[in-house]
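Report on one structure; see the data block that follows.
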Amino acid sequence: MIVKDQTEALTQVTRPSRYIGGELGSIRKADSAVEVRMALAFPDVYEVGMSHIGFPILYHILNRLDGVAAERVYAPWPDMEKWLHNHEQPLCSLETSRSLNHFDIIGFTLQYELSYTNLLGMLALCGIPLRREQRPADAPLIVVGGPCAFNPEPLADFFDVAVIGDGEEAVVELVELVRSGKQQGWSRERLLIELSRREGFYLPQFFHLEYQESGEISALTACRDDYTKVRRRFINDLDKTPYPTEPIIPFMQTVHNRVAVEITRGCTRGCRFCQAGYIYRPVRERSPETIRRLIADALENSGFEEISLLSLSTGDYTCIEPLLKQLMAEHAEDRVAVSLPSLRVGSLTPELMEEIKKVRKTGFTLAPEAGSERLRNVINKGISTADLLETTGNAYRFGWRLIKLYFMLGLPTETDEDLRAIIDLAAQVKSSGRGTGGNDVNVAVSTFVPKPHTPFQWQAQIGIDETLRKQRMLRDGLRQKKLRFKYHEAELSFLEGVFARGDRRLGAVLERAVALGCRFDGWREHFNFDLWLQAFADCEIDPAWYLRERREDEILPWDHIDCGLPKRFFLDERLRAINGTETLDCRDGSCHGCGVCDFDQLKMRLTSAEMSSLPQRSGDSAVSPVAEEQLTRVRLVMSKKGRARMVAHLEYLKMFQRAAKRARLPLRFSQGFHPMPKISYLEALSMGVSSDAELIDLELLHSMDVSQIIRDLNVQLPEGFKITEGEVIPWRSPSPSASVASSVYLVNLPGEIPVDLDARINDLLRAETVILTRRKKDREEQIDIASDLVDLARDEGKLRVELKKGSPLLIAAKLLDLDPEDVRRLGVHKTAVTLK
């Protein structure tokens with residue numbers, strides 16, 4: 001498959017900035033410097049994948065290695081996949097536009113079971129056979145990792161290697177073995193054997209499964225005597241582990257567009273439904289000094305406006321209150337907010353809530369998970385009703401107006417009485433806010449899905465009909481209490497449950513579902529349950545069988561994957577759950593006996609509550625009040641070329657704002673609740689139009705050498721953007737848009753043009769009215785552009801259009817008998833502006 005320039009696609013798909021690459025912080029290595037090339041593949045859309053913290057960690061670790069290049073690729077949205085298919089083009093990386101089949105390794109992260117069809121679809125798009133045994137010896141090594149890799153069996157026929165556990169060190173060993181194999185001419189079999197000798201690498205082809213007539217596994221047999229189990233990889237000390245401080249800055253708004261720092265890995269609360277709480281043990285905290293240094297560097301290199309402290313339970317971090325206070329004090333001058341995305345009732349002290357209130361003004365989210373204390377004891381949630389209501393009452397008193405409550409239905413031993421307790425508890429939460437000025441409550445309920453490597457891995461999952469019955473019961477009861485209710489679709493939870501505890505026989509179903517067109521199954525607008533039912537029927541597999549309760553002596557599909565906790569521990573916890581017995585947090589000194597720690601190198605690592613001060617960065621001192629005569633206004637001229645022309649206007653504004661912040665320009669800010677830098681721009685340039693003449697005005701607190709401003713900004717601008725000139729202008733000058741008399745555009749002419757084009761041009765120039773039709777959202781409107789048309793002319797194979805305002809696409813389309821989108825694809829360039 002020959003890779004052609006795919007720029008044409010960018011004018012035909014939604015959100016083209018998903019595909020253009022060239023973001024600041026991305027790394028592109030020359031071919032001559034690369035021995036091993038690895039594609040980090042995220043089986044979901046760009047804005048979701050760019051928000052995942054694991055990929056940036058691996059991306060920077062790999063790219064720091066000599067001779068190794070890591071590049072990114074994300075699942076194309078259906079319109080882009082259709083374009084690639086119709087034009088027989090492969091899926092390519094963002095950094096070098098290289099087809100995935102030209103990489104040595106393709107590494108997929110498995111964050112969610114309903115992304116599996118995207119993984120197979122991405123392989124198919126670049127011509128790589130889906131099944132391992134069908135691929136040639138020189139095909140890329142297909143690697144998977146992430147939480148779903150702890151039971152990768154539904155995908156076992158499609159990947160070569162699964163990395164089990166922490167990936168920071170394992171991924172380095174992986175690329176070094178591939179490099180050695182290439183240098184020494186190893187066969188694929190030799191490479192796989194070498195990988196099997198390293199801890200944490202699971203090779204499914206070295207295990208054989210047999211099944212009983214009932215469908216249960218009768219034997220899970222290792223094909224090699226020296227490779228009978230795969231033990232998870234562990235990182236002992238997070239402070240000694242690399243963490244990126246030069247983030248890739250996306251053009252578009254991603255799900256989480258901020259500096260995100262993992263402050264803790266692991267959790268010891270022991271919630272029995274939570275897979276992450278077991279597979280990421282033991283708790284390892286980063287020191288506050290390391291966290292503050294990472295944040296300071298990342299903010300300086302990104303220009304982001306928000307810090308997020310990541311953990312399974314951020315409020316449990318040993319010195320969360322002093323850390324939060326220190327971060328807010330250190331970054332207040334830069335107007336940076338701090339967020340804590342995972343909070344727990346038991347860790348929310350009034351002092352911590354007081355700090356959170358300063359930066360989080362929207363909804364306050366808590367996850368009781370179950371309505372009754374009995375059921376919360378079963379799942380070991382450790383939250384009493386009294387503690388919850390005290391927390392919500394404090395939240396309302398501190399000024400929050402909305403509290404979001406997350407619950408699960410279908411939990412083990414659940415009765416209808418437990419469901420009614422959800423309704424009652426939500427009503428009590430609402431009542432706890434009486435007299436505070438606002439007490440809204442949103443209730444969100446998902447269906448419990450048993451996960452491998454948890455005490456509930458043997459439990460049955462309720463089916464679709466029972467899920468719908470329980471959802472109706474909650475909906476009706478909450479409506480009577482005037483409480484809002486959101487829920488997770490029953491069919492989605494059903495399918496998640498099938499694959500969460502599935503085995504290799506489901507590979508045929510996945511392959512069939514992909515052939516039928518299933519993609520983005522986790523997205524409501526793309527999920528098609530009927531296609532899935534057809535895939536199961538075609539493969540003669542009953543999906544409901546996978547939701548059944550497992551016997552405790554049954555061979556489970558993931559029994560050869562060692563997460564560090566023995567099955568005996570999970571069985572004991574299951575018994576404690578049935579008896580309603582609580583297991584205390586081992587942070588408090590009571591060891592669970594889970595078996596994960598060796599109490600030497602691998603152990604719980606908690607920080608001290610003491611915090612030292614960091615040296616102040618240059619330029620961090622507070623800016624003193626400035627007299628008006630010192631205020632300076634600078635006008636810049638920017639070019640926007642290449643793929644940068646596909647950056648939408650709002651994305652362009654945010655891009656430049658962050659570049660100016662990274663350049664540490666003394667920008668003046670607006671007043672009010674959300675201060676914004678005083679930067680002015682021209683009116684929006686049409687998507688896909690390049691330019692040499694974009695004007696930007698900066699209001700500065702004091703004068704600076706303009707050439708220095710240009711140099712500092714150009715260092716911070718991503719590929720395709722460049723400041724070409726600048727000057728100081730009078731403080732009271734009109735805005736850029738008000739300063740421009742006209743703009744000049746050149747439109748590339750097609751191979752065939754109307755024979756009377758010159759006459760059409762003359763007619764338009766003489767016309768008193770020029771009515772054009774433009775589409776605005778879902779409707780069409782007529783506009784008269786006669787008063788805005790300054791000049792039209794043919795100019796050496798191009799159409800020259802000069803307008804006072806507006807886009808040249810419509811008028812060029814009228815002259816050339818084309819659709820405006822066809823004109824966009826021809827190529828349009830803004831060459832100059834005339835000032836008033």
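The values are calculated or read from the model by the stated rules, or taken from the named source; none is laboratory data. Because the structure is predicted, anything quoted here is derived from the model rather than measured. FYI the Cβ positions are ideal-geometry reconstructions off the backbone, even for glycines, and counts take in every protein chain you see. Keep in mind that these areas ignore ligands, DNA and RNA; they rest on the heavy atoms of the full protein, side chains included. Shrake-Rupley method; radii C 1.70, N 1.55, O 1.52, S 1.80 Å.
Can you name every residue in the range 120-150 that is assigned to a helix (DSSP H, G or I), open to solvent by 30 Å² or more (accessible area, probe 1.4 Å), free of Cβ contacts under 8 Å to residues at least 60 places away in the same chain and not acidic (Asp, Glu)? Within the range 120-150, Gln134 is the sole residue that qualifies. When the range 270-281 is filtered for residues that are surrounded by fewer than 22 Cβ atoms within 10 Å (Cβ to Cβ) and closer than 26 Å to Arg292 by Cβ, only Ala276 remains. If only residues of the range 57-82 that are touching a residue at least 60 places away in the same chain (Cβ under 8 Å) and open to solvent by 20 Å² or more (accessible area, probe 1.4 Å) are counted, the one that is farthest from Leu174 (Cα to Cα) is Asp79. Within the range 824-831, is even one residue at pLDDT 95 or above, assigned to a strand (DSSP E or B), in contact with a helix residue (DSSP H, G or I) (Cβ under 7 Å, 6 or more places away or on another chain) and closer than 24 Å to His649 by Cα? Within the range 824-831, one or more residues are at pLDDT 95 or above, assigned to a strand (DSSP E or B), in contact with a helix residue (DSSP H, G or I) (Cβ under 7 Å, 6 or more places away or on another chain) and closer than 24 Å to His649 by Cα. For the range 104-114, give me the residue count where each residue is among the polar types (S, T, N, Q) and buried (at least 24 other Cβ atoms within 10 Å of the Cβ). Here the count works out to 1. Taking the criterion of being among the basic types (Lys, Arg) and buried (at least 18 other Cβ atoms within 10 Å of the Cβ), the residues of the range 508-532 that qualify are Arg512, Arg519. Within the option set Glu168, Glu176, being within 30 Å of Lys240 (Cβ to Cβ), out of contact with any Ser or Thr (no Cβ under 7 Å at 6 or more places or on another chain) and surrounded by fewer than 23 Cβ atoms within 10 Å (Cβ to Cβ) holds for one residue only, Glu176. Listed by position, the strands (runs of 3 or more DSSP E) enclosed by the range 159-222 that each have at least 2 residues that are without any contact (Cβ under 8 Å) to a residue 40 or more places away in the chain are 207-211.
Summed over the range 373-390, the residues that are surrounded by 18 or more Cβ atoms within 10 Å (Cβ to Cβ) and either free of Cβ contacts under 8 Å to residues at least 12 places away in the same chain or in contact with a strand residue (DSSP E or B) (Cβ under 7 Å, 6 or more places away or on another chain) (or both) give a count of 5. The set of residues from the range 474-491 being within 19 Å of Leu547 (Cβ to Cβ) and surrounded by fewer than 19 Cβ atoms within 10 Å (Cβ to Cβ) comprises His488, Glu489, Glu491. Take Glu95 and decide whether it is charged (D, E, K, R), at positive phi and assigned to a loop (DSSP other than H, G, I, E, B). For Glu95, the condition - charged (D, E, K, R), at positive phi and assigned to a loop (DSSP other than H, G, I, E, B) - is not met. Residues in the range 433-473 that are open to solvent by 30 Å² or more (accessible area, probe 1.4 Å) and touching a Gly at 6+ places or on another chain (Cβ under 6 Å): Asn439, Ile462. Taking the range 696-712 as the range and being open to solvent by 10 Å² or more (accessible area, probe 1.4 Å) and not in a loop (DSSP other than H, G, I, E, B) as the test, the residues that pass are Glu699, Val706, Ser707, Gln708, Ile710, Arg711, Asp712.
Of all residues in the range 527-536, none satisfies being out of contact with any Leu (no Cβ under 7 Å at 6 or more places or on another chain), assigned to a helix (DSSP H, G or I) and within 21 Å of His85 (Cβ to Cβ). Residues in the range 442-491 that are part of a strand (DSSP E or B) and not basic (Lys, Arg): Asn442, Val443, Ala444, Val445, Ser446, Thr447, Phe485, Tyr487. If only residues of the range 716-758 that are assigned to a helix (DSSP H, G or I) and open to solvent by 50 Å² or more (accessible area, probe 1.4 Å) are counted, the one that is nearest to Thr96 (Cα to Cα) is Ser737. A single member of Lys603, Lys567 is modelled with pLDDT under 95, open to solvent by 50 Å² or more (accessible area, probe 1.4 Å) and under 34 Å from the mean Cα position of the chain (by Cα), and it is Lys603.
If only residues of the range 145-192 that are charged (D, E, K, R) and within 21 Å of the chain's Cα centre (by Cα) are counted, the one that is nearest to Ile235 (Cα to Cα) is Asp166.
Residues in the range 399-427 that are outside any helix (DSSP H, G or I), open to solvent by less than 50 Å² (accessible area, probe 1.4 Å) and within 27 Å of Leu352 (Cα to Cα): 7 in all.
If the requirement is being among the small types (Gly, Ala, Ser) and assigned to a loop (DSSP other than H, G, I, E, B), which of these qualifies: Gly522, Gly507? Of the residues listed, the single one that is among the small types (Gly, Ala, Ser) and assigned to a loop (DSSP other than H, G, I, E, B) is Gly522. Here Phe251 clears all of (1) open to solvent by 20 Å² or more (accessible area, probe 1.4 Å); (2) part of a loop (DSSP other than H, G, I, E, B); (3) among the hydrophobic types (A, V, I, L, M, F, W, C) except the condition numbered (1). Of all the residues in the range 131-154, those that are farther than 18 Å from Arg504 by Cα and among the aliphatic types (A, V, I, L, M) number 3.
With respect to being modelled with pLDDT of 95 or more and of a type in the set (Asp, Glu), Asp791 fits the description. If you go through the range 511-545 and keep only what is within 24 Å of the chain's Cα centre (by Cα) and in contact (Cβ under 8 Å) with a residue 24 or more places away in the chain, you end up with Val514, Cys518, Arg519, Phe520, Asp521, Gly522, Arg524, His526, Phe527. It is to be established whether one or more residues within the range 311-332 are surrounded by fewer than 22 Cβ atoms within 10 Å (Cβ to Cβ), touching a strand residue (DSSP E or B) at 6+ places or on another chain (Cβ under 7 Å) and of a type in the set (Asp, Glu). Looking through the range 311-332, none of the residues is surrounded by fewer than 22 Cβ atoms within 10 Å (Cβ to Cβ), touching a strand residue (DSSP E or B) at 6+ places or on another chain (Cβ under 7 Å) and of a type in the set (Asp, Glu).
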